[in-house]
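Okay, so here's the structure we're looking at.
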Amino acid sequence: MKILVTGFDPFGGEKINPAIEAVKRLPDEIDGNQIVKLEVPTIFYQSTKVVKEKIIAEKPDMVINVGQAGGRAAITPERIAINFQAGSTPDNSGKGPKEGKIESDGADGYFTQLPIKKMVTAMRKAGIPAEVSNSAGTYVCNHLFYEVQYMRVHDFPKLKAGFVHIPFLPSQAKNGRRPSMNLDDMVKGLTASIKVAVAD
Ligand code: PCA
């Protein structure tokens, strides 16, 4: 199996994004499955374009998008992408989102194809804090998660796809005032969850 794993670049005034840092450190192969990695700009429709081009070029069987969820204390596989975007923070193009539907003819929501509960169990077994999340928010992460699902329906019906949010790194934690997780644990957690996702 070939798995495309993406990570966003830093945004919102942060100097680092744990998502791309953790993705870069994943092994190139997990249980005989090839891991293809991609850095994605934190820009609404541009993130979708970059990922779609990579899916066309690489033809992965599975796509896992990884993003930072500042304030969360655990690795959180997302259950559902919603057809709505909003937010007060400009993306990395300097603009805020156009508030409203992401795709005018898209479903209100799409459930992930990834086995999120098994992924959480596997991460906990590996000693990594993890829980299912029922909302990826309304910012660029939910946007990309939704758009990959929309592409799946229209262009890539065999694809399995999902989104995983990860906490801040300790360097972003403002002296422990915000929850964080170290990079090794993030890599360990993501690796454990990819193992069960490909075996599902
Ligand atoms: N997190 C943001 C966008 C990029 C990222 O890493 C989000 O949760 O929407």
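Using a probe of 1.4 angstrom, how much of the accessible area of the chain is carbon and sulfur, in percent? Don't skip to the answer; put the middle values down first.
Numbers: 4540 of 9010 Å².
With neighbouring chains kept in place, the figure for the chain is 50 percent.
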Would you mind checking region 19-50 for residues with the amide N under 19 Å from a putative spin-label position 7 Å along Cα→C-beta of Glu103?
43-50
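Would you please classify the overall shape of region 96-200 from the alpha carbon gyration tensor, given that a ≥ b ≥ c denote the square roots of the eigenvalues, rounded means a/c under 1.5, and beyond that prolate means a/b larger than b/c while oblate covers the rest?
Cα axes put region 96-200 in the oblate bin.
If you roll a 1.4 Å probe over the heavy atoms of the protein chains, what accessible area per residue do you get for region 119-200, in Å²?
Here the per-residue accessible area is 43 Å².
So between Lys52 and Asp155, what do we pick up on full extension, going 0.36 nm a residue minus the alpha carbon distance?
36.1 nm
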Can you give the calculated 222 nm mean residue ellipticity of the chain, where each DSSP H run of n ≥ 4 adds -39,500 (n - 2.57) and the sum is split over every residue, rounded to the nearest 500 deg cm²/dmol?
-10000 deg cm²/dmol
Taking N as the number of residues in the chain, the ratio of its alpha carbon radius of gyration to 2.2 N^0.38 Å works out to 0.94
Hey, which aspartates and glutamates would be in cross-link range of Lys117, C-alpha to C-alpha under 15 Å, not counting anything within fewer than 8 residues on its own chain?
Glu78, Glu131, Asp200
Counting only DSSP beta bridges with both residues in the chain, tell me the antiparallel percent, nearest 5.
25
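In the structure displayed, which of Lys2/Lys195; Lys54/Lys158; Lys15/Lys101; Lys49/Lys160 lie more than 21 Å apart, Cα to Cα? All intermediate terms of the calculation are to be shown ahead of the outcome.
On the way: Lys2/Lys195 12 Å; Lys54/Lys158 16 Å; Lys15/Lys101 30 Å; Lys49/Lys160 18 Å.
Among Lys2/Lys195; Lys54/Lys158; Lys15/Lys101; Lys49/Lys160, the Cα-Cα distance tops 21 Å for Lys15/Lys101.
The values are calculated or read from the model by the stated rules, or taken from the named source; none is laboratory data. Nothing here was measured: the structure is a model prediction, and the numbers come from that model. Note: ideal-geometry Cβ built from the backbone for every residue, glycine included; neighbour counts use all protein chains shown. To get the accessible areas, we keep the full protein, side chains included, count just its heavy atoms, and leave off ligands, DNA and RNA. Shrake-Rupley method; radii C 1.70, N 1.55, O 1.52, S 1.80 Å.
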